[in-house]
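The values are calculated or read from the model by the stated rules, or taken from the named source; none is laboratory data. Remember, predicted model here, so these are calculated numbers, not experimental data. All Cβ positions, even for glycine, are placed from backbone atoms using ideal geometry, and neighbour counts span all protein chains on display. Side chains are part of the model used for accessible areas, which takes the heavy atoms of the whole protein and leaves out ligands, DNA and RNA. Shrake-Rupley method; radii C 1.70, N 1.55, O 1.52, S 1.80 Å.
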Amino acid sequence: MSAAARRLGTTLLSLVLSLGLVAAGWTLFLKILNVNPLVAKSPADVWTYLAAGSEAGAHRSTVWSGLWVTLRDAGAGLVAGLVAAAAVAVAFVLWRTAERSFMPIAMVVRSVPLVAMTPVITLIFGRDLLATTVISGIVVFFPALVNVVFGLRSASAQAADLVRAYGGSSWTTMRKVLVPSALPAFFASARISVPGSLIGALLAEWLATGKGLGYAMLTAGSSFRYDELWASVVAVTLASLAAYGLVGVAEAAVLARYAPRDR
């Protein structure tokens with residue numbers, strides 16, 4: 001718990017510093033380029049829209065309702081993608097034939113642009129949570145698969161041989177040696193996948209479901225509601241940073257308990 005608390009404090013400090021730098025760079029960027037204030041909104045404009053304006057409560061409700069749907073979609077895709085990647089990675093390490101059979105198919109699927117796949121996915125899985133889970137999960141799955149396979153294969157060969165020498169099966173070796181060694185790689189994949197799952201969810205909402213913050217941003221931009229558009233971008237960015245930080249805290253707690261001491 002102390003490791004998790006330290007990680008939480010570090011994450012919060014980094015978050016505050018990052019937000020300050022982003023706000024300063026955002027303001028400076030708009031001033032240097034002299035962008036039309038009708039289109040480009042500053043951090044102060046977003047603050048007024050969400051917190052200080054006369055209709056701030058209604059605005060927050062609008063943004064939050066869309067953000068909640070997007071977070072649900074991204075969360076489902078994140079969990080599905082990570083679980084699928086971990087399961088396939090274990091199968092690859094235990095059975096090399098599975099890797100030789102499945103990896104070419106995976107590479108073919110990965111090479112197809114997700115925008116081109118979205119209409120087909122929508123036709124197969126519909127226009128609800130299942131479709132967004134599949135689209136977001138695809139974004140998460142492939143980078144996580146590569147990282148987790150690498151983590152499993154980076155385990156100590158001596159430790160694995162010791163377990164086998166005492167009669168341990170392949171599953172026992174996996175559970176006692178390989179999985180703990182792969183935990184850092186798994187959590188690195190989870191951190192990388194947080195913004196990826198949100199991108200997948202927003203893409204699905206734009207092109208497939210017509211729900212959530214992704215669709216709200218599309219309609220806000222096309223109907224000249226630029227205050228809402230910029231506020232939505234800020235909201236989804238803050239949500240991504242918060243989720244990234246939570247994964248980091250969970251990583252510190254889990255690695256302190258289960259990962260090898262030398263990690």
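Using a 1.4 Å probe and counting only protein heavy atoms, arrange PHE142, PHE125 so the residue with the most accessible area comes first.
Working: PHE142 20, PHE125 85 Å².
Final ranking, largest accessible area leading: PHE125, PHE142.
The chymotrypsin sites (Phe, Trp or Tyr not before Pro) found in region 189-243 that occupy coil by DSSP, while having at most 12 further C-beta atoms within 10 Å, are PHE224. With a cut-off of 19 Å on the backbone N, the residues of region 98-114 near the modelled label site 7 Å out from ALA91 along Cα-Cβ are 98-111. For region 35-159, the spread of Cα positions along the three principal axes, ordered from largest to smallest, is 64, 41, 28 Å.
Per-atom-type breakdown for the chain gives carbon and sulfur 70% of the accessible area (1.4 Å probe, protein chains only).
Taken along the Cα-to-beta-carbon direction at a fixed 7 Å, the label points for ARG100 and LEU238 span 5.4 nm.
Could you calculate the FRET efficiency of SER111 with ALA58 from 1/(1 + (r/R0)^6), where r is the beta carbon distance between them and R0 is 30 Å, rounded to 0.05? Intermediate values should be presented prior to the final figure.
On the way: r = 45 Å, r/R0 = 1.49.
My answer for the efficiency is 0.10.
At an R0 of 22 angstrom, the distance between the Cβ atoms of ALA51 and ARG191 translates into a FRET efficiency of 0.15. The fraction of all Cα pairs in region 78-223 landing in successive 5 Å bins from 0 to the largest distance is 2, 10, 16, 17, 16, 13, 9, 7, 5, 3, 2, 1, 0, 0, given as whole percents.
Please calculate how many Å² of accessible area the chain carries per residue, with a 1.4 Å probe and no DNA, RNA or ligand atoms counted. List each step's numbers first, then the result.
Working: 14580 Å² over 263 residues.
Per residue, the chain has an accessible area of 55 Å².
Size estimate for region 5-101 follows the Kirkwood approach: the inverse of mean 1/r over distinct Cα pairs works out to 18.0 Å.
Each peptide in 78-86, 111-119, 234-242 receives the mean, over its residues, of other Cβ atoms within 10 Å, and ordering these scores from highest gives 78-86, 234-242, 111-119. Between VAL35 and LEU130, the C-beta separation translates, for a Förster distance of 30 Å, into a calculated FRET efficiency of about 0.15.
At 1.306 mPa s and 10 °C, plugging the Kirkwood radius over alpha-carbon pairs of region 165-263 into Stokes-Einstein gives what diffusion coefficient in µm²/s? Diffusion coefficient, whole number: 97 µm²/s.
One quarter of the convex hull surface, Cα atoms only: what value does that give for the chain in nm²? Intermediate results must be reported in sequence, preceding the final value.
Details: hull surface 68.8 nm².
Over all viewing directions, the chain projects a mean Cα-hull area of 17.2 nm².
How much net charge surrounds ALA23 when only other residues with a Cβ under 15 Å from its Cβ are counted (Lys, Arg +1; Asp, Glu -1)? Let's see the in-between values first.
On the way: positive: LYS31, LYS41; negative: ASP45.
Net charge around ALA23: +1.
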